[in-house]
Ligand SMILES: Nc1ccc(Br)nc1
């Protein structure tokens, strides 16, 4: 156990009595509603996706981190009316603690940064791949879990950090064969909203709530948006100005409205200039209507979208400069993104970019009779010590069965351990793709 492990026990308190669990007669072999199994074929695709997440993270010099799936509920109970809050997979554990299955990774990352305090030096460039949960009424039939790739830069106030993060996602898309004709990024800044709200002297503490309402602008009728804004105390005039600004699709137009004194226009201009230098200008567009649905964003926000408009957002992120301080940490700037494992798979299927991923084994090793099972184990071990993968036949099977299995597991070679050969320290080899076969001394086998 690591030194800081508290054994999960925390303060020793009385445990509630264990629930009486009925032993089911016949178990349901399907996974719980809204969750997925990953049998080998699906697991190969997931591993391939995660390998690409990891390789891009390595290219950008990020370090991998991880956190418990189970967190204190307090990490996620923000009061801005977020969907993520309404769908929290939360409960009281047997120590009477309010806990939740994490719906996202960013709060855990913020918690760990604060926990590490001065023992880590900024900037931090951390990435994580973790399963995230929501509890949604199954009437909508949507999943309750997905895996997210997160990349976060902690301690860099400049927009160079957001530009770097978007570059990492572009790099990922390019690795999969996705181009700027397939997907784009809508980019804006919450400082646009902030500057409008300030003009109408709307208090800062309304900012998160207004963003969450505005984020629904393409999901619910505009009259409902207006109604919700009115209900949180935004004046009709402010609402009209907000909606007018949110329809702006060019930075020049935005500058006309907001002027160039504020940070919103300055940050966005810098981001688009850096995009030129990174070489991904074709991938991004300014769109003032992008606010994202998480209350803690404070600056640049972006989301990846499919240009055919068939799919939900592919990924999203932004700057969250206040999150660490709201958790009691120092005032440390931060930005990051989340990239789910579901929409991207729908996209590569749409684009015919699904990779061919088959299970392969270099060798299948088979004793020709029971007495040679030990000899076959020796051969398998020698090959494995040389870094070769081996499927060792573990039962006394007819050769017909062995050849069928060799084909099913895409074995490269069949290594036959027969009595007369073994007496001479040799084995039989059959190259399954060509049919070529020969005998070879065990110590020459490679
Ligand atoms: N936040 C969240 C968690 C799980 C799923 Br599925 N979607 C969104």
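Please treat every number below as a calculation from the coordinates, not as lab data. Model, not experiment: these values are computed from the prediction. A quick note on method: Cβ atoms are made from the backbone with ideal geometry, for glycine too, and the neighbour counts reach across all protein chains shown.
Of all residues in the range 18-38, those being within 24 Å of the chain's Cα centre (by Cα) and more than 19 Å from residue 135 (Cβ to Cβ) number 2. For the range 125-140, which positions are without any contact (Cβ under 8 Å) to a residue 40 or more places away in the chain and more than 16 Å from the ligand (Cβ to nearest atom)? Within the range 125-140, none qualify.
For the range 86-111, a tally of residues being out of contact with any helix residue (DSSP H, G or I) (no Cβ under 8 Å at 6 or more places or on another chain) and buried (at least 17 other Cβ atoms within 10 Å of the Cβ) returns 4. In a residue-by-residue description of the range 163-171, the property of being in contact (Cβ under 8 Å) with a residue 12 or more places away in the chain, away from the ligand (no atom under 16 Å from the Cβ), surrounded by fewer than 18 Cβ atoms within 10 Å (Cβ to Cβ) and at positive phi applies to no position. Please work out if residue 354 is over 35 Å from the mean Cα position of the chain (by Cα) and in a loop (DSSP other than H, G, I, E, B). For residue 354, the condition - over 35 Å from the mean Cα position of the chain (by Cα) and in a loop (DSSP other than H, G, I, E, B) - is not met.
The range 233-327 holds strands (runs of 3 or more DSSP E) entirely within its bounds, and those carrying 3 or more residues that are touching a helix residue (DSSP H, G or I) at 6+ places or on another chain (Cβ under 9 Å) and under 22 Å from residue 166 (Cβ atoms) map to 300-306, 315-319.
For the range 304-317, the condition of being surrounded by 18 or more Cβ atoms within 10 Å (Cβ to Cβ), more than 30 Å from residue 204 (Cβ to Cβ) and under 21 Å from the mean Cα position of the chain (by Cα) holds for at least one residue. Considering only residues that are within 23 Å of residue 305 (Cα to Cα), free of Cβ contacts under 8 Å to residues at least 24 places away in the same chain and buried (at least 18 other Cβ atoms within 10 Å of the Cβ), which ones fall in the range 200-242? Selection gives 225 alone.
Of all residues in the range 31-65, those that are assigned to a loop (DSSP other than H, G, I, E, B) and either within 16 Å of the ligand (Cβ to nearest atom) or closer than 23 Å to residue 103 by Cα (or both) total 10. Of all residues in the range 66-84, those satisfying the criterion of being surrounded by 15 or more Cβ atoms within 10 Å (Cβ to Cβ) and assigned to a loop (DSSP other than H, G, I, E, B) are 67, 69, 76, 78, 80, 81, 82. Residues of the range 360-393 that are exposed (fewer than 12 other Cβ atoms within 10 Å of the Cβ) and either closer than 26 Å to residue 44 by Cβ or without any contact (Cβ under 8 Å) to a residue 24 or more places away in the chain (or both): 360, 374, 385, 386, 387.
Among the residues making up the range 141-151, those that are touching a strand residue (DSSP E or B) at 6+ places or on another chain (Cβ under 9 Å) and either within 16 Å of the ligand (Cβ to nearest atom) or in a loop (DSSP other than H, G, I, E, B) (or both) are 144, 145, 146, 147, 148, 149, 150.
Take the residues in the range 329-344 that are away from the ligand (no atom under 13 Å from the Cβ) and surrounded by 13 or more Cβ atoms within 10 Å (Cβ to Cβ); name whichever of them is farthest from residue 126 (Cα to Cα). So that I can check it myself, show each step before the final result.
Going residue by residue through the range 329-344, those that are away from the ligand (no atom under 13 Å from the Cβ) are 329-337, 344.
Then drop every residue that is not surrounded by 13 or more Cβ atoms within 10 Å (Cβ to Cβ), which leaves 329, 332-337, 344.
On the way: 329: 18, 332: 15, 333: 14, 334: 11, 335: 11, 336: 9, 337: 11, 344: 22 Å.
The extreme case among them is 344.
Scanning the range 406-446 for residues that are assigned to a helix (DSSP H, G or I) and buried (at least 17 other Cβ atoms within 10 Å of the Cβ) yields 406, 421, 422, 442.
Quick one: how many residues across the range 83-110 are more than 10 Å from the ligand (Cβ to nearest atom) and either within 22 Å of the chain's Cα centre (by Cα) or more than 19 Å from residue 328 (Cβ to Cβ) (or both)?
Within the range 83-110, the first condition is being more than 10 Å from the ligand (Cβ to nearest atom), and the residues that meet it are 85-86, 90-100, 106-110.
Then drop every residue that is not either within 22 Å of the chain's Cα centre (by Cα) or more than 19 Å from residue 328 (Cβ to Cβ) (or both), which leaves 85-86, 90-96, 99-100, 106-110.
Of the residues in the range 83-110, 16 are more than 10 Å from the ligand (Cβ to nearest atom) and either within 22 Å of the chain's Cα centre (by Cα) or more than 19 Å from residue 328 (Cβ to Cβ) (or both).
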